[in-house]
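Engineer: Sharing a structure with you now.
The values are calculated or read from the model by the stated rules, or taken from the named source; none is laboratory data. Every value quoted in this text rests on a predicted model; they were computed, and no experiment measured them. Counting neighbours? That spans all protein chains shown, and the Cβs are built from the backbone with ideal geometry, glycine included. Heavy atoms of the whole protein, side chains included, go into the accessibility calculation; ligands, DNA and RNA do not. Shrake-Rupley method; radii C 1.70, N 1.55, O 1.52, S 1.80 Å.
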Amino acid sequence: MGIEQGTLPGCESAVESQSEGQAKQRSEVIEGKPRYEVIDREQLCWRQIDIERLIGADHRARAVWEFIGRLDLSAYREEVRAVEGKAGRPGWEPRLLVSLWVYAYSKGVGSARAIEELCQWEPAYQWLTGSRVINAHTLSDFRVKHDKALQGLFVEVLGLLSADGLITLERVMQDGTKIRAKAAADSFRRQERVEKALNEAKEQLAALQAQSEEDTSRRMAKARQRAARERQERLEQALKEFEQLAKDDKDKEHRRVSMIDPEARVMKQPGGGYAPSYNVQIDTDAKHGVVVAVGVVQAGNDFEQLEPGIDRVQHNLKETPKEGVTDGG
């Protein structure tokens, strides 16, 4: 008995029923809650980093490191006390500190605290330091001690870039940016309060220096003396700032200076509100994006900052820009 090709009797309804069941199952899956990979930003993890590959072969940081390495930095090494074969904590190599400052200047960064933060996550700074973080105090002390030498070095670097045609000065862009100071808003005091605090700081420093090593450990004693000495220096700087405010004919009742960061001024912030800040003026060669001059002012706005900026460019490159672009104010 032959069977014709086709669907067997009774199977058609079974196939339709199975298809409906599968479609219903797929519909239930689609209508369910989607499942995604979980992003946990609070977890801790170990990671291998190839420091040499953090930046490209033609990155500016490599050029700065190579250039600084060819300079005579013997004058910067004279103050290094840690030597091979003797006890003492090793210091940071002058080549590294100079390279950090020169690279930071080239990117428009002029704050030691900002460099310390950049060392924690920015690839170029991590490459320079070998993924180490150099604290702001070390960077600031180095710049203060070698301020004139570093300024001359910055001019030398700009001169080299200019000789290679990387700086044209056809057009220079100038703009100011507010950098928040470390000082808190409630650290501003009148002159009488600062004078009183200065006297107290001098007494505290004298008392600490009079302590013997038996009273406290040598390291703790030096740390306390250093903190007291730094506080005294800040307060002395605050009194000098009061003298500057007096020259500006500012109302005596409104003269206040921060006891933490005396040179900071309360400025209006771009996002609204007021905070202790510095106004950093940056001049950039428009064609190649190279920073040619950086200045820090205490004025809260950019008014009257164009001419000083042009003077800084002329001082660094011995040439005046053909065009200057700045804010409308």
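Engineer: Confirm whether residue 80 is aliphatic (A, V, I, L, M) and modelled with pLDDT under 85. If you could, list the steps in order and put the result at the bottom.
Structural biologist: Working: aliphatic (A, V, I, L, M): yes; modelled with pLDDT under 85: yes.
Here the answer is yes, as residue 80 does meet what is asked.
Engineer: Let me ask another. Which one is least open to solvent (accessible area, probe 1.4 Å) among residues in segment 27-59 that are under 23 Å from residue 122 (Cβ atoms) and modelled with pLDDT under 85?
Structural biologist: Filtering segment 27-59 for residues that are under 23 Å from residue 122 (Cβ atoms) and modelled with pLDDT under 85, the one least open to solvent (accessible area, probe 1.4 Å) comes out as 45.
Engineer: Moving on to the next point. Could you check segment 49-67 and list, in sequence order, the residues that are among the basic types (Lys, Arg) and within 14 Å of residue 105 (Cβ to Cβ)?
Structural biologist: Matches in segment 49-67: 60 only.
Engineer: Just to be sure before I move on: is residue 84 free of Cβ contacts under 8 Å to residues at least 12 places away in the same chain and within 21 Å of residue 51 (Cα to Cα) in the structure I sent? Even if it seems obvious, please write down each step before you answer.
Structural biologist: Working: free of Cβ contacts under 8 Å to residues at least 12 places away in the same chain: yes; within 21 Å of residue 51 (Cα to Cα): no.
Answer is no for this residue.
Engineer: Hey, another quick one. Check segment 252-262 and report whether any residue there is in a strand (DSSP E or B) and open to solvent by less than 80 Å² (accessible area, probe 1.4 Å).
Structural biologist: Keep residues of segment 252-262 that are in a strand (DSSP E or B), which gives 257-258.
Pick out the ones that are also open to solvent by less than 80 Å² (accessible area, probe 1.4 Å) and you get 257-258.
Checked segment 252-262: at least one residue is in a strand (DSSP E or B) and open to solvent by less than 80 Å² (accessible area, probe 1.4 Å).
Engineer: Just one of 162, 106, 111 is farther than 30 Å from residue 49 by Cα, in contact (Cβ under 8 Å) with a residue 60 or more places away in the chain and not aliphatic (A, V, I, L, M); which is it?
Structural biologist: The unique qualifying residue is 162.
Engineer: Mind counting the residues in segment 56-78 that are outside any loop (DSSP other than H, G, I, E, B) and aliphatic (A, V, I, L, M)?
Structural biologist: Of the residues in that region, 5 qualify.
Engineer: Considering only residues of segment 115-135 that are surrounded by fewer than 17 Cβ atoms within 10 Å (Cβ to Cβ) and of a type in the set (A, V, I, L, M, F, W, C), which is nearest to residue 281 (Cα to Cα)?
Structural biologist: Top of the filtered list is 121.
Engineer: In addition: Specify the residue that is most open to solvent (accessible area, probe 1.4 Å); the eligible residues are those in segment 267-297 that are of a type in the set (Ser, Thr, Tyr) and either over 19 Å from the mean Cα position of the chain (by Cα) or under 21 Å from residue 256 (Cβ atoms) (or both).
Structural biologist: 274
Engineer: Still on this structure, please answer the following. Test of understanding: among 157, 172, which residue is more than 30 Å from residue 268 (Cα to Cα) and either loosely packed, with under 14 Cβ neighbours inside 10 Å or more than 14 Å from the chain's Cα centre (by Cα) (or both)? Give the derivation first.
Structural biologist: Working: 172 fails: more than 30 Å from residue 268 (Cα to Cα).
After ruling out the rest, the residue left standing is 157.
Engineer: Which is among the β-branched types (Val, Ile, Thr) and part of a helix (DSSP H, G or I), of 144, 133, 83? Reasoning before the result, please.
Structural biologist: Numbers: 133 fails: part of a helix (DSSP H, G or I); 83 fails: part of a helix (DSSP H, G or I).
None of the other options fit; the residue is 144.
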